[in-house]
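The values are calculated or read from the model by the stated rules, or taken from the named source; none is laboratory data. Computed from a prediction, not measured in an experiment: that's the story for all the values here. We place every Cβ from the backbone using ideal geometry, glycine too, and count neighbours over all the protein chains shown. Calculation scope for accessible area: heavy atoms of the full protein, side chains included, ligands and nucleic acids excluded. Shrake-Rupley method; radii C 1.70, N 1.55, O 1.52, S 1.80 Å.
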Amino acid sequence: MKFLAVSGSTRTASTNTALLKACAAITPPPDMIHVYSDLARLPIFSPDLEGDKTPSAVLSFCHLISKADGVIICSPEYVHAIPGGLKNAIDWLVSREEIANKPIALLHGSHRGDDMLKSLSLVLKTVSDQYSDTIFERFDVLDRTAEDIQAFMHEPENDARLQGFIDAFRQHILA
Ligand SMILES: Cc1cc2nc3c(=O)[nH]c(=O)nc-3n(C[C@H](O)[C@H](O)[C@H](O)COP(=O)(O)O)c2cc1C
């Protein structure tokens, strides 16, 4: 399976991005996680820029989504809500075909952030009929460094939880 992983944070030292990269590093082939890195390059969504005027960064993002068997999202909570950059990316997808049947599942990198998770869940249910709110795994990596997160995800218990998440997502995609 090829998964596209999208972090809701564009921060250089993002724990969410580091968690996704650590997951990518320990996912055994043939499964593969590609971590999307251009969220900050997506212009602010406007319906005026859809169709022929769709910006190239958005087309590249949509192409990556269309090639992926499933999308994994891992996001911080900003002011009890979805960070603007992530919501902007989702807004670009709403009236396009790539997202409508795309399997989507969430990873989470904090013991907090439940308001954001609830809101993101509602948004994803709306844009994709293949979003699963039962395939979910939480790793509390808040405030850790990327190196710490790599080591944390190599711990057998965390590695096993990630493999369980990937297995469940694979079953959902194949169902
Ligand atoms: C603008 C802003 C608003 C935030 N609001 C919340 C919040 O409402 N709830 C929460 O649990 N954390 C909040 N945080 C903390 C972030 O969720 C936390 O620092 C997280 O690790 C950031 O993710 P990152 O490391 O991937 O950038 C906020 C952080 C920022 C920068």
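Charges only on Cβ, +1 for Lys and Arg, -1 for Asp and Glu: so what's the dipole of the chain about the Cα centre, in debye to the nearest 20?
240 debye
Output the antiparallel fraction of DSSP beta bridges having both residues in the chain, as a percent to the nearest 5.
So the antiparallel bridges amount to about 5 percent of the total.
Per residue of the stretch 135-152, what does 6.51 cos²θ - 1.76 cosθ + 1.60 with θ = phi - 60° give for ³J(HN,Hα)? Whole Hz please, x for Gly and Pro, Karplus curve as stated.
8, 8, 9, 10, 10, 7, 10, 3, 6, 8, 7, 4, 5, 4, 5, 4, 5, 4
Tell me the mean residue ellipticity at 222 nm calculated for the chain from its helices only (DSSP H runs of n ≥ 4, each -39500 (n - 2.57), averaged over every residue, nearest 500).
-13500 deg cm²/dmol
In percent, what relative contact order does the stretch 2-174 have, based on Cα pairs under 8 Å that are 6 or more apart in sequence?
Relative contact order comes out at 27 percent.
Go ahead and set up a Gaussian network model of the chain, Cα springs under 10 Å, then flag whichever of D115, D52, D133 fluctuates most.
Highest fluctuation of the listed residues: D52.
Which value, in nm² and rounded to one decimal, describes the direction-averaged projected area of the C-alpha convex hull of the stretch 81-135?
3.7 nm²
Can you tally the net charge around F152? Count Lys and Arg as +1, Asp and Glu as -1, for every other residue whose Cβ sits under 14 Å from the Cβ of F152.
-4
So, in the stretch 2-174, how many Lys pairs have Cα atoms under 13 Å apart, if the pair is 8 or more places apart or on different chains?
For the stretch 2-174, the number of qualifying lysine pairs is 4.
Starting at 0 and stepping by 10 Å, how many percent of the alpha carbon pairs of the chain end up in each bin?
Bin by bin from 0 Å, the calculated values are 10, 41, 37, 11, 1.
Taking amide H positions as placed in the peptide plane 1.01 Å from N, state which residues far from S75 in sequence (5 or more) or on other chains have amide H under 5 Å from it.
G8, G109
Taking all protein chains together and a probe of 1.4 Å, list Y36, Y78 from the most accessible to the least accessible.
Y78, Y36
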